[in-house]
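Worksheet for the structure shown next.
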Amino acid sequence: MKKLNIVVCALLVLGACDFSFNERKKSEVEHEPQTWETARPLQDIYKNDFLMGNIISPRDLGTVRFAILTRHYNTLTAENQMKPDHIAPAAKPSNTNWEYRFTEADRMVNAAIEAKMKVVGHTLVWHSQTPSWLTEGTKQTVLANMEKYIGDVAGHFKDKLIAWDVVNEAFRDGLTSSDVSGGKWENCLRTESGWYKAIGPEYIEKAFLAARTADPNAKRYYNDYNLNSPTKSQAVYNMVIDINVRHSNLIEGIGMQSHHHLGTDPQTVRDSIQKFASLGVEIAISEMDIMAADGGALNMGQWSDSNSKRQAALYAAMFAVFKAHKSNITRVTFWGLDDGTSWRATNYPTLLDKDYNLKPAFFAVTDPNLF
Ligand code: G3I
């Protein structure tokens, strides 16, 4: 009997120890810092609002980066590999059978689709990252080049993409209100573009028509930066009205790239979203990041707790705007998985630091109300 009592007592003590241990463990877990693996996936948080996207490069395939992408995002855009300088032949082909370089893009698109993600094509017609021979020659030659390129490339990815950035960054910066008054848009275009030089303003409409023929199911977007500028957004608005009046629903969406800095006023973003929504087109926030600097770039070493908090607050304010316009916004894509590999790495513009730790900006996106 005495022995039994000792055993029961021992069990009770052990049980008590175990109980307090479990309690301690639970509270530790509750206060454990969240990681990309434990934090609720961004794509789940916004599943009733819009798609959540990020960019992909070949280095992401088969690495931890792809695991982060598939956990938090449901949509991918190739950072560089679907641009003409990656896909088009480097030199002018001597016949009509152009040998494209699809290998890298195919690997990324197929991996994304296998992971049940959606893919956006970026981009068909751009003044930059485009082999020069494509835009050299007479108007007729260059137009034929453009139509063939779009036909072949959009045809190659047919039915695999949810959207194409058909034309990218056609408008120049620094537009005045008189530039955009009276519905004019042709005189607001970037004149240094090889496409513009050879074909004139009509290259935009022709590009959208060719994209519609090649892959009618991929939504056709016009994509640009600084679209929170009242004048640049007005020029784009004028163009969409003009082209869509002549060709119903030809331009189906506007991609607001959204490369911001701490000085961006979220009200300007809201105003442009409302302006574009009134056109009846889709809106994608297509390349979002926020440099932790007030205007220009940060100097190395300027990153501080205060930058970090201000950046988080601005991400929260932006997402509050996006949520309020979720019926018009189809997707929010970030331009960079982490600060280490961002195109603006020295300006710490993304949600994760270079070691993939979650920054305050990440939590601002997960719950804008807390900031
Ligand atoms: O691939 C070469 C590599 O072989 C070489 O060793 C290296 C040396 O600099 O350059 C590599 O190419 C770079 C390429 O990115 C791939 O990393 C180019 O120099 C560099 O200019 C290029 O930058 C890209 C930029 O577009 C080009 O315009 C950025 O990664 C990409 O994030 C950026 O994305 C654009 C969007 O397409 C359109 N909107 C703006 C956005 C940011 O600029």
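The values are calculated or read from the model by the stated rules, or taken from the named source; none is laboratory data. Only a predicted model underlies this, so the values are computations on that prediction, with no experimental measurement involved. Quick reminder, even Gly has a Cβ in these numbers, built from the backbone with ideal geometry, and neighbours come from all protein chains shown.
Summary of values
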quantity: Check on residue 272, in contact (Cβ under 8 Å) with a residue 12 or more places away in the chain, surrounded by 20 or more Cβ atoms within 10 Å (Cβ to Cβ), more than 16 Å from the ligand (Cβ to nearest atom) and closer than 30 Å to residue 247 by Cβ; calculated: yes
quantity: For residue 175: the one exception among (1) more than 16 Å from the ligand (Cβ to nearest atom); (2) surrounded by 15 or more Cβ atoms within 10 Å (Cβ to Cβ); (3) in a helix (DSSP H, G or I); calculated: (3)
quantity: Pick from region 303-331, criterion among the polar types (S, T, N, Q) and not in a helix (DSSP H, G or I), ranking: surrounded by the fewest Cβ atoms within 10 Å (Cβ to Cβ); calculated: 327
quantity: Residues that are within 16 Å of the ligand (Cβ to nearest atom) and assigned to a strand (DSSP E or B), drawn from region 92-151; calculated: 119, 120, 121, 122, 123, 124, 125, 126
quantity: Residue that is more than 14 Å from the ligand (Cβ to nearest atom) and modelled with pLDDT of 95 or more, where the choices are 227, 250; calculated: 250
quantity: Unique residue being in a helix (DSSP H, G or I) and either in contact (Cβ under 8 Å) with a residue 40 or more places away in the chain or hydroxyl-bearing (Ser, Thr, Tyr) (or both) when the list is 233, 248; calculated: 233
quantity: Selection status of residue 107, modelled with pLDDT of 95 or more and either aliphatic (A, V, I, L, M) or surrounded by fewer than 13 Cβ atoms within 10 Å (Cβ to Cβ) (or both); calculated: no
quantity: Qualifying residue in region 215-222 (condition: surrounded by fewer than 22 Cβ atoms within 10 Å (Cβ to Cβ) and in a loop (DSSP other than H, G, I, E, B)); calculated: yes
quantity: Members of region 332-349 found to be buried (at least 24 other Cβ atoms within 10 Å of the Cβ) and more than 13 Å from the ligand (Cβ to nearest atom), listed by number; calculated: 332, 339, 348
quantity: Near pairs, Cβ below 7 angstrom, 6+ apart or cross-chain, from region 357-371 (within 16 Å of residue 71 (Cβ to Cβ)) to any residue that is of a type outside the set (A, V, I, L, M, F, W, C) and surrounded by 19 or more Cβ atoms within 10 Å (Cβ to Cβ); calculated: 365/315
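Residue-by-condition table, conditions (1) of a type in the set (S, T, N, Q); (2) surrounded by fewer than 17 Cβ atoms within 10 Å (Cβ to Cβ); (3) touching a residue at least 60 places away in the same chain (Cβ under 8 Å):
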{"site": "140", "(1), (2), (3)": "yes, yes, no"}
{"site": "150", "(1), (2), (3)": "no, no, yes"}
{"site": "154", "(1), (2), (3)": "no, no, yes"}
{"site": "189", "(1), (2), (3)": "no, no, no"}
{"site": "192", "(1), (2), (3)": "no, yes, yes"}
{"site": "196", "(1), (2), (3)": "no, no, yes"}
{"site": "208", "(1), (2), (3)": "no, no, no"}
{"site": "224", "(1), (2), (3)": "no, no, no"}
{"site": "238", "(1), (2), (3)": "yes, no, no"}
